[in-house]
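The values are calculated or read from the model by the stated rules, or taken from the named source; none is laboratory data. Source: prediction; values computed, not measured. No Cβ is skipped: glycine too gets one built from the backbone with ideal geometry, and neighbour counts run over all protein chains shown. Calculation scope for accessible area: heavy atoms of the full protein, side chains included, ligands and nucleic acids excluded. Shrake-Rupley method; radii C 1.70, N 1.55, O 1.52, S 1.80 Å.
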Amino acid sequence: MRKTEDDRLDDYALTRVPDEARHSWVSVAVQRFGQVSSFQQFLVGAVLGFGMDFTDAVIAITVGSVMLEVITILLGIAGVREGLSVSMLARWSGFGRKGSALVGLLIAFSLAGWFGVQNGVFAQGMHDLSSGTPEWAWALIGGVVITAITVYGFTIMAWTAYLTVPAFLVLAGYSVVDTLSDHAIGDLLSSPPPGPALSLAEGTTLVSGAFILGALMTPDMTRFNRRPSDVVKQTLISVTLGEYLIGLTAVLLAHAARSSDIVGIITSSSGVLGTLVLATAILKINDWNLYSSSLGLVNSLDVLFGRRVSRRAVTVVIGAGGTALSAVGIVDDFTDFLETIGVLAPPVAGVIIAEYFLVRRFRAELDRARASGTLPAGGADWMPLSLVCWASGALVGEYVDAGIPAINSVVTALVLYAVVGKLVAARRTPPIGNPRSPLTEVNMTQSGG
């Protein structure tokens with residue numbers, strides 16, 4: 001089989017997505033909306049509604065959404081220009097080859113874990129609906145279905161989104177109307193929060209933190225777009241509608257039920273319908289958890305072991321592992337661990353954005369390679385500056401209480417990398433005729449390259 005055919009079947013996991021494999025912005029936007037309008041947004045909205053009045057919840061969602069949109073658009077533009085997944089892009093956007101393997105492992109473990117967690121939630125909901133079938137059986141069914149869809153890649157995932165996103169919106173809309181029918185909307189809009197008060201900073205943190213990992217994996221999706229303007233359109237539409245439509249609806253539900261248990265609110269009030277809402281919500285995001293996890297691991301295996309492994313095979317392995325863990329109920333024990341390593345994700349976005357748009361030490365190489373449809377030949381193994389900025393951003397996000405932790409983390413890594421990177425670049429002049437960046441040479445020397 002020709003290499004190009006292998007690349008196509010592998011969804012271009014280790015190469016650029018060629019022009020002929022790009023999709024309309026609508027097909028990508030539907031999948032992005034499926035991510036942003038996930039059941040997680042219902043959960044976040046319900047927590048906001050339980051602790052905030054409607055006006056404060058609107059402000060929290062607005063501030064958090066704007067910050068997320070900026071990060072998502074910048075990463076998305078880099079993805080569509082280069083046609084590369086985020087872990088591949090990291091090789092020439094601040095982290096170097098071996099540094100990108102760390103990024104790939106972070107994404108792989110984080111999203112594989114969330115795949116298992118959400119598959120477990122699906123199994124629990126379906127078990128509650130059909131009490132005769134055990135949870136482990138539903139976990140196997142859900143895991144096998146999602147894995148099968150993801151194995152076939154972006155095109156089949158797009159068709160899945162065309163089915164599940166409208167189904168989710170119709171089912172959720174009917175369920176919400178049914179739940180709110182006994183309440184006056186005006187009263188819900190003006191009612192005080194039913195639970196312990198959340199500050200505006202805490203509410204904004206919930207909004208931004210809930211989707212920061214989704215923002216980081218944006219290039220995995222936008223590499224299939226055709227132009228940067230597509231990224232802007234789909235991000236503004238999907239993030240805005242997803243956050244406001246789903247998030248604010250959940251705020252009203254929390255006020256009406258005087259509870260933050262959105263799963264209980266929907267499933268108890270709507271029965272079969274509510275459970276189907278839960279099922280479609282998880283289906284339309286969990287394939288992307290598995291997909292991006294497989295892309296990250298494929299890059300890491302290529303870098304660390306020099307082995308080009310099939311994305312499809314990796315998807316099957318990760319899917320089987322996550323499904324098995326959710327079937328035996330162990331995966332729930334990993335939630336705290338996943339939230340802990342989640343603090344490592346935001347500063348990765350800051351480093352990539354700073355390198356790609358501001359420092360630009362590898363942009364000339366990327367531009368030349370992109371013109372020929374290949375990958376840059378040069379590059380460092382390790383980029384010490386990126387590791388320092390990554391660690392600094394993670395520490396600030398974890399231990400600085402002021403502001404919004406996820407955004408603090410991104411901004412810290414971005415500003416530190418941009419300032420130091422520019423200062424170092426200004427002190428060095430590339431030799432005439434040397435096609436590689438001087439900083440590439442410096443970092444290759446530092447890494448033994």
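Considering only residues in segment 157-172 that are without any contact (Cβ under 8 Å) to a residue 40 or more places away in the chain and of a type outside the set (Val, Ile, Thr), the one that is least open to solvent (accessible area, probe 1.4 Å) turns out to be 166.
Residue pairs whose Cβ atoms lie under 9 Å apart, separated by 6 or more positions or on different chains, with the first residue in segment 122-138 and farther than 18 Å from residue 280 by Cβ and touching a residue at least 60 places away in the same chain (Cβ under 8 Å) and the second polar (S, T, N, Q) and in a helix (DSSP H, G or I), are 135/124; 135/326; 136/326.
Checked against (1) at pLDDT below 95; (2) closer than 30 Å to residue 366 by Cα, residue 79 passes all but condition (1). Quick one: in segment 178-200, of everything that is among the hydroxyl-bearing types (Ser, Thr, Tyr) and modelled with pLDDT under 85, which residue is surrounded by the most Cβ atoms within 10 Å (Cβ to Cβ)? Ranking the qualifying residues of segment 178-200, first place goes to 179. Counting only helices (runs of 4 or more DSSP H) that sit wholly inside segment 178-240, those with at least 1 residues that are under 26 Å from the mean Cα position of the chain (by Cα) are 200-216, 218-222.
Looking at 208, 175, just one residue is surrounded by 18 or more Cβ atoms within 10 Å (Cβ to Cβ) and more than 18 Å from residue 252 (Cβ to Cβ), and that residue is 208. Residue 247 - would you say it is open to solvent by less than 10 Å² (accessible area, probe 1.4 Å), modelled with pLDDT under 90, within 30 Å of residue 400 (Cβ to Cβ) and outside any loop (DSSP other than H, G, I, E, B)? Criteria met by residue 247. Going by the conditions given, is residue 188 touching a residue at least 24 places away in the same chain (Cβ under 8 Å) and over 30 Å from residue 8 (Cβ atoms)? In short, yes. Number of residues in segment 315-343 that are surrounded by 23 or more Cβ atoms within 10 Å (Cβ to Cβ) and of a type in the set (A, V, I, L, M, F, W, C): the value is 4.
The number of residues in segment 302-311 that are touching a residue at least 40 places away in the same chain (Cβ under 8 Å), in a helix (DSSP H, G or I) and open to solvent by 70 Å² or more (accessible area, probe 1.4 Å) comes to 1. Check segment 92-108 and report whether any residue there is open to solvent by 30 Å² or more (accessible area, probe 1.4 Å) and of a type outside the set (A, V, I, L, M, F, W, C). Yes; the residues of segment 92-108 include at least one that is open to solvent by 30 Å² or more (accessible area, probe 1.4 Å) and of a type outside the set (A, V, I, L, M, F, W, C).
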